[in-house]
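The values are calculated or read from the model by the stated rules, or taken from the named source; none is laboratory data. The structure presented is a predicted model; accordingly, all values stated were derived computationally and were not measured. Neighbour counts run over all protein chains shown; Cβ positions are idealised from the backbone, glycine included.
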Amino acid sequence: MELKDILDKNIIDLKVQGSTKTDVLHNMSKLLLAHGYIDDIDTFVKDIYAREAEGPTGMGSGLSIPHGKSSAAKKISIAIGRTLHPIQWESSIDPSGFQKTDMIFLFCVSADSSFAQNHMLLLSQLAGKLGNESRLAQLRACTTAQEIIDTIVCEDSELKQHASSEEEIVDLDIDL
């Protein structure tokens with residue numbers, strides 16, 4: 001399974017509402033429910049928070065990748081949200097224990113053990129893609145959900161070069 005197989009423009013919100021992590025997770029979960037990815041928002045968010053209790057999912061560079069397995073998930077996908085204003089998110093990268101997040105990649109994965117291998121593979125693929133500063137800059141500049149998908153799935157060699165001539169690679173510390 002590849003990222004391109006599970007990205008859906010219907011569950012991408014470039015102006016996700018919310019001033020807190022909980023608000024944003026609930027609003028992104030509403031998209032998942034509306035498009036048949038989950039069958040219960042409260043159960044899904046509770047399961048995401050259960051995974052969050054094991055370790056923070058703030059990855060630095062304004063990114064957060066909440067993930068976990070939920071009995072409310074019906075099919076695997078990643079809801080993507082870009083907030084209008086950065087919100088506080090737990091992170092092991094920042095000495096304060098928090099970071100400002102404006103891009104959230106919310107994994108929707110069933111608790112069924114057959115999904116576990118795909119979940120880890122997809123998480124690894126996404127982290128690799130998001131470790132590229134040029135890609136991050138382009139994701140923040142995207143104006144449509146389809147542009148977000150195209151930017152995520154394109155190869156590094158296809159990326160438009162960032163304003164600086166030297167591309168910085170970001171090391172994303174993800175607790176699996």
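Among the residues of the range 1-19, count how many are assigned to a helix (DSSP H, G or I), at pLDDT 95 or above and within 10 Å of Ile76 (Cα to Cα).
Residues of the range 1-19 assigned to a helix (DSSP H, G or I): 3-6, 9-11.
Right, trim to at pLDDT 95 or above and you get 9-11.
Cutting the leftovers down to within 10 Å of Ile76 (Cα to Cα) gives us none.
Counting residues in the range 1-19 that are assigned to a helix (DSSP H, G or I), at pLDDT 95 or above and within 10 Å of Ile76 (Cα to Cα) gives 0.
Assuming His26 fulfils every condition listed in (1) part of a strand (DSSP E or B); (2) farther than 23 Å from Gln138 by Cβ apart from one, which condition is it?
Of the numbered conditions (1) part of a strand (DSSP E or B); (2) farther than 23 Å from Gln138 by Cβ, the odd one out for His26 is (1).
With respect to the numbered conditions (1) surrounded by 16 or more Cβ atoms within 10 Å (Cβ to Cβ); (2) more than 17 Å from Ala79 (Cβ to Cβ); (3) modelled with pLDDT under 90, which one is the sole condition not fulfilled by Leu123?
Unmet condition: (2).
Could you check the range 130-159 and list, in sequence order, the residues that are free of Cβ contacts under 8 Å to residues at least 40 places away in the same chain, touching a helix residue (DSSP H, G or I) at 6+ places or on another chain (Cβ under 7 Å) and surrounded by fewer than 15 Cβ atoms within 10 Å (Cβ to Cβ)?
Scanning the range 130-159 gives no hits.
Out of all the residues in the range 1-54, which are out of contact with any helix residue (DSSP H, G or I) (no Cβ under 6 Å at 6 or more places or on another chain), in contact (Cβ under 8 Å) with a residue 40 or more places away in the chain and loosely packed, with under 14 Cβ neighbours inside 10 Å?
Answer for the range 1-54, where residues must be out of contact with any helix residue (DSSP H, G or I) (no Cβ under 6 Å at 6 or more places or on another chain), in contact (Cβ under 8 Å) with a residue 40 or more places away in the chain and loosely packed, with under 14 Cβ neighbours inside 10 Å: Glu2, Lys15, Ser19, Thr20, Glu54.
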